[in-house]
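Written below as structure tokens is the structure these notes are about.
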Amino acid sequence: MPTQQHQREIDRYVASTPKSREALAEAAKYLPGGSTRGAQYFPPYPFIAERGEGLYMYDIDGNRYLDYVINATSLILGHAHPRVVKAIQDKANFGTAFSVPTEDQARLANMLCDRIPSLERVRFTNSGTEGTLMAIRAARAFTGRHKIAKFEGAYHGAHEYVQVSVSPKADKLDPNGTTAIPEYDALPPSVLEDVIVLPYNDLATSERLIRENKDDLSCVVMEAISSSFGYLPAEREFLQGIRDITEELGMLLIFDEVQSLRVAPGGAQELLGVTPDLTAMGKIIGGGTPVGAFGGREDVMALYDPTENGPTLAHAGTFNGNPLTMAAGCVVMEELTPEVYERMSDLGDTLRGKMRAVFDELDVPAQVTGIASLFGIHFTSEEITDHRSTLTGDRALNQALFTGLLNEGVLLGGALSAISEEEHVDTLVDATRRVIQRVR
Ligand SMILES: Cc1ncc(COP(=O)(O)O)c(C=O)c1O
């Protein structure tokens, strides 16, 4: 139940979005809940987007929102960037899908391999989900071992083997340690047997669990900057420790950089100085069109090479590396010079600093996490280190802030873009101050 103050914010939002409410009710006759992606929903109901331009989204009721979600951090150049739009339009004139390679595939692959330390070879997919799936499959085939290890609280996409301990509620957690918890009741028990769940930022326990399973473990898959914990970078020693133990035991280290690639030209692996064997990617590299990718060591990626005696591992995907995605992705990579990353990171520091100052000023216990162009807000006085510490946060206050910010014309997420300026940061910070004063 929302508090009275939060309910007032909900009522105000409802009053300003009648067309969205009606359209969503109509859509719900055909789409479960009226949308086609769980993450598109938020209570009481999401507004319906009419268009996006730069940092702003406009809904069908004519409201404008400063967009800090930018489609799950993917629109690093903002909405409808003129160069991206033109590249897509130009390409579409020449055909939108081919059963043979194009030059643009190699061009984007080249740019990614030049920037990202672990990347010697890369393959494109249509989603980050497929990126982690194919990377994990490569690790299994390469090592001849079938188990995988992942961290409690980590999301790596929608496929079965990573639908384990993604966002377990407090009452499901074993106080004695991390266990494999299914995301839905009928997840096959065989999957749970083959997924080892590790505690983030706890090297000693992680190392023990990895050693206990060393004969069967093909890989450790992880985010070096954890999205679910508010873009929390892993502690340096912990990350290096995981690199060392995986190397020692002949298992592959897979970084899921679907979100974190945006922190530096070479992603989190460059920024934090630890190189994995394989990397899964997505989001920014498609310039706002559907995309994913995976890549890494040449000897591992050779499993997918169809020349000579045919591939060891099949890799299909009707729209993999399609011309529109490749063209849009190339524009993004060209726009993202090292100076642009630096500017985004500086602005991220400014944002985190100003948000912390507001919460201090209002005497609200809060942790502002994040790094570079990413940020997260947790209403708790406890330091955020892992999934369990995130559960100490006051989620109701987070939700009230989210709704209140909608009424201030801000869609709260956790990402800056290359076109963000300090004035946009100030809009968020000032609106946050007003909302907290109204809802707490
Ligand atoms: C860290 C991480 N990995 C994987 C994925 C899956 O990517 P996609 O939604 O493109 O399948 C996401 C998506 O949000 C993600 O944040």
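Let me know the shape class of region 232-339, please: from the alpha-carbon gyration tensor, a ≥ b ≥ c as square roots of the eigenvalues, rounded when a/c is under 1.5, otherwise prolate if a/b is greater than b/c, or oblate.
In terms of gyration-tensor shape, oblate.
Which aspartates and glutamates have a Cα lying under 15 Å from the Cα of LYS150, excluding residues fewer than 8 positions away in the same chain?
Within reach: GLU160, GLU183, GLU193, ASP194, ASP202, GLU207, GLU212, ASP216, GLU223, ASP256, GLU257, ASP386.
Which of ASP363, ASP11, ASP171, ASP277 comes first, and how do the rest follow, when ranked by fewest Cβ neighbours within 10 Å?
The fewest-first ordering by Cβ neighbours comes to ASP171, ASP363, ASP11, ASP277.
Could you please rank ILE225, ILE181, ILE371, placing first whichever residue has the fewest other Cβ atoms within 10 Å of its Cβ?
ILE181, ILE371, ILE225
How large is log10 of I(q)/I(0) for region 82-335 at q = 0.15, 0.17 Å⁻¹ when the intensity is taken from the Debye formula with one equal scatterer per alpha-carbon?
-1.03, -1.28
My understanding is that a pair violates if its Cα-Cα distance is over 26 Å; which of LYS29/LYS91; LYS86/LYS283; LYS91/LYS283; LYS19/LYS169 do that in this structure?
LYS29/LYS91; LYS19/LYS169
Could you give the dipole magnitude of region 17-139 about its Cα centre, charging the beta-carbon of Lys and Arg +1 and that of Asp and Glu -1, in debye to the nearest 20?
180 debye
List the pair-distance distribution P(r) of the chain, using every Cα-Cα distance, as the percent of pairs falling in each 20 Å bin from 0 up to the bin containing the longest distance, rounded to whole percents.
25, 58, 17, 0
What dipole magnitude, in Debye to the nearest 20, does the chain give about its Cα centre under +1 on Lys/Arg Cβ and -1 on Asp/Glu Cβ?
It comes to approximately 980 debye.
Please give me, ordered by residue number, the GluC sites (Glu not before Pro) of region 53-145 that lie in loop per DSSP and have at most 13 other Cβ atoms within 10 Å.
Of the GluC sites (Glu not before Pro), not one in the loops of region 53-145 has a Cβ with at most 13 other Cβ atoms within 10 Å.
Could you grab the relative contact order for region 239-341? Cα pairs under 8 Å, six or more apart, rounded to a whole percent.
Relative contact order comes out at 24 percent.
Taking the dipole about the Cα centre of region 388-429, with the C-beta of Lys and Arg at +1 and of Asp and Glu at -1, give me whichever of THR390, VAL429, ASN407 is farthest to the positive side.
Towards the positive end, the residue furthest out is THR390.
Considering the dipole of the chain built from charges on the beta carbon (Lys and Arg +1, Asp and Glu -1) around the Cα centre, which of LEU192, ILE225, ALA72 is farthest to its positive end?
Selected residue: ALA72.
With contacts defined as alpha carbon pairs under 8 Å and 6 or more residues apart, what's the relative contact order of the chain in percent?
Averaging sequence separation for qualifying contacts and normalising by length gives 22 percent for the chain.
Spelling out what I want: for every residue of region 111-116, take phi, set θ = phi - 60°, compute 6.51 cos²θ - 1.76 cosθ + 1.60 (Karplus), and round to whole Hz; glycine and proline get x.
5, 5, 5, 5, 8, 9
Taking the Cα centre of region 190-335 as the origin, how large is its charge dipole in debye, to the nearest 20, when only Lys and Arg (+1) and Asp and Glu (-1) carry charge on their Cβ atoms?
For region 190-335, the charge dipole is close to 440 debye.
Once phi is turned into θ = phi - 60°, what whole-Hz ³J(HN,Hα) does the Karplus curve with 6.51, -1.76 and 1.60 give for every residue of region 304-309, x standing for Gly and Pro?
Listing the rounded values in order: 9, 6, x, 6, 6, 9 Hz.
List the trypsin sites (Lys or Arg not before Pro) in region 7-79 that DSSP assigns to loop (not H, G, I, E or B) and whose Cβ has at most 10 other Cβ atoms within 10 Å. Which are they?
Here the trypsin sites (Lys or Arg not before Pro) that fit, given the DSSP loop and packing criteria, are LYS29, ARG37.
Can you sort VAL429, VAL300 from fewest to most other Cβ atoms within 10 Å of each residue's own Cβ?
VAL429, VAL300
For GLU383 and CYS113, calculate 0.36 nm times their separation in residues minus their Cα-Cα distance, and state this gained length in nm to one decimal.
Gain on stretching GLU383 to CYS113: 93.6 nm.
Bear in mind that the values in this text are calculations on the coordinates, not laboratory data. No experiment lies behind these values; they were computed from the predicted model shown. Cβ atoms come from the backbone with ideal geometry, glycine included; neighbour counts cover every protein chain shown.
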